[in-house]
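Taking it in order: structure first as structure tokens, then the write-up.
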Amino acid sequence: MMQWIKVLDNLPENDGMIQIKLYGKKISIAYNQNTYYAFASTCPHAGADLSRGWCKEGYIICPVHRYGYCLKTGKGKAGQGDYLRTYPLKIEAHGVFIQIKKPWWMIW
Ligand code: FES
């Protein structure tokens with residue numbers, strides 16, 4: 001079951017990256033080109049921490065081997081053949097929300 005979960009009370013005040021933990025998953029929130037994005041913090045290539053990476057021209061760049069993933073779609077750059085998990089994010093007057101599937105162990 002997909003649901004919107006409030007993850008922050010306020011937007012980050014600078015362009016830095018924030019990492020949160022939700023249902024045991026590490027999720028990064030980045031600000032780039034006037035938009036906020038949420039995506040899995042674990043790099044699909046070899047597991048590096050993408051919250052230590054940086055945004056460039058609409059991509060999150062992994063700090064270890066410099067692979068790039070589209071912040072909008074999660075699609076890896078040409079030739080990589082991989083995807084990063086991204087999460088829908090919405091900003092409302094009372095906070096920042098991420099859409100995520102409730103894990104099976106919380107549905108019971
Ligand atoms: S671990 Fe991220 S590009 Fe290799």
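The dipole here belongs to the chain: it is taken about the Cα centre, uses +1 on the Cβ of Lys and Arg and -1 on the Cβ of Asp and Glu, and is about 360 debye. Each other residue within a Cβ distance under 14 Å of Thr42 adds +1 if Lys or Arg and -1 if Asp or Glu, for a net charge of +3. Across segment 88-104, computed HN-Hα scalar couplings (Karplus, 6.51 cos²θ - 1.76 cosθ + 1.60, θ = phi - 60°) run x, 10, 9, 10, 10, 4, 9, x, 10, 10, 10, 8, 8, 7, 5, x, 4 Hz from first to last residue, x flagging Gly and Pro. Summing +1 for each Lys or Arg and -1 for each Asp or Glu among the other residues whose beta-carbon sits under 11 angstrom from that of Gln3 gives +3. Loop-located GluC sites (Glu not before Pro) in segment 3-108 (DSSP state not H, G, I, E or B) with no more than 16 neighbouring Cβ atoms inside 10 Å: Glu13, Glu57. Compactness of segment 2-101 was expressed as the Cα radius of gyration divided by 2.2 N^0.38 Å, which yields 1.01.
Classify segment 21-74: rounded, prolate or oblate, from the alpha-carbon gyration tensor (a ≥ b ≥ c, eigenvalue square roots; a/c under 1.5 rounded; otherwise prolate if a/b is larger than b/c)? Cα axes put segment 21-74 in the oblate bin. Taking amide H positions as modeled 1.01 Å from N, with prolines and chain starts lacking one, the residues under 5 Å from Lys75 and 5 or more places away or on another chain are Cys70, Leu84. For segment 40-48, the Karplus equation 6.51 cos²θ - 1.76 cosθ + 1.60, evaluated at θ = phi - 60°, returns couplings of 4, 6, 8, 5, x, 6, 9, x, 5 Hz by residue, with Gly and Pro reported as x. Straight-line reach from Lys101: taking Cα to Cα under 18 Å and skipping same-chain neighbours fewer than 8 places apart, the lysines in range are Lys6, Lys21, Lys25, Lys26, Lys90.
Within the shell of other residues whose beta carbon sits under 15 angstrom from the beta carbon of Tyr67, the net charge comes to +3, with Lys and Arg scored +1 and Asp and Glu -1.
Test of understanding: given the chain, find the longest segment containing no trypsin sites (Lys or Arg not before Pro) that are in a DSSP loop and have at most 16 other Cβ atoms within 10 Å. Answer from the scan: 1-65.
Every read-out reported here was derived from the displayed coordinates using simple, explicitly stated rules and does not represent laboratory data. This one's a predicted model, so the numbers in the text were calculated from it and none came from an experiment. Methodologically, a virtual Cβ is constructed for each residue, glycine included, from the backbone with ideal geometry; neighbour enumeration extends over all protein chains shown.
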